[in-house]
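These notes concern the structure reproduced below.
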Amino acid sequence: MTNTSKEFKEAQEAVEKLRGSVNRLVDDLHVVKSELASFKHNVSSDIQRLVELREKDIDQIRKQFEKN
C-alpha cells in the first residue's frame, strides 16, 4: 500500500467516525427537542393548575369576608 493510499484510507476512516458522531448528535438533538417540548407543556400545565388553585383560594377568602 502506498503512502498516499494509506493516507486516503485513514482520511476515509476519520470521515466515517465523524459522520457517526454527527449522526449521534443529530439523534440526541431530536431527543432533547422532544423532551424540552414535553417539559414546557408540563410546566405550562402546572402553572395553570397553580393559578386555578390560587383563584379558588381567593374566592374562598372573599366569601369569608362577605359573611362577616
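In table form, for the structure just shown:
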{"read-out": "For percent of Cα pairs over 18 Å apart, calculated from these coordinates, the label among [x] 46; [y] 27; [z] 70", "value": "[z]"}
{"read-out": "Cα-based Lys pair tally, the chain, threshold under 25 Å, eight or more apart or on separate chains", "value": "5"}
{"read-out": "Net charge over other residues, Cβ less than 15 angstrom from the Cβ of residue 20 (K, R count +1; D, E count -1)", "value": "-1"}
{"read-out": "Fully extended contour minus Cα-Cα distance, from residue 8 to residue 45, at 0.36 nm per residue", "value": "7.8 nm"}
{"read-out": "Degrees separating the helix 3-67 axis from the principal Cα axis of the chain, which is the longest one", "value": "0"}
{"read-out": "Helix-only CD estimate at 222 nm, as mean residue ellipticity for the chain, using -39500 (n - 2.57) per DSSP H run (n ≥ 4)", "value": "-36500 deg cm²/dmol"}
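FYI, it's all coordinate maths here, none of it is from the lab. In this text, all values refer to a predicted model and were calculated from it rather than measured experimentally. Heads up, the Cβs are rebuilt from the backbone with ideal geometry, glycines too, and the neighbour counts pull from every protein chain shown.
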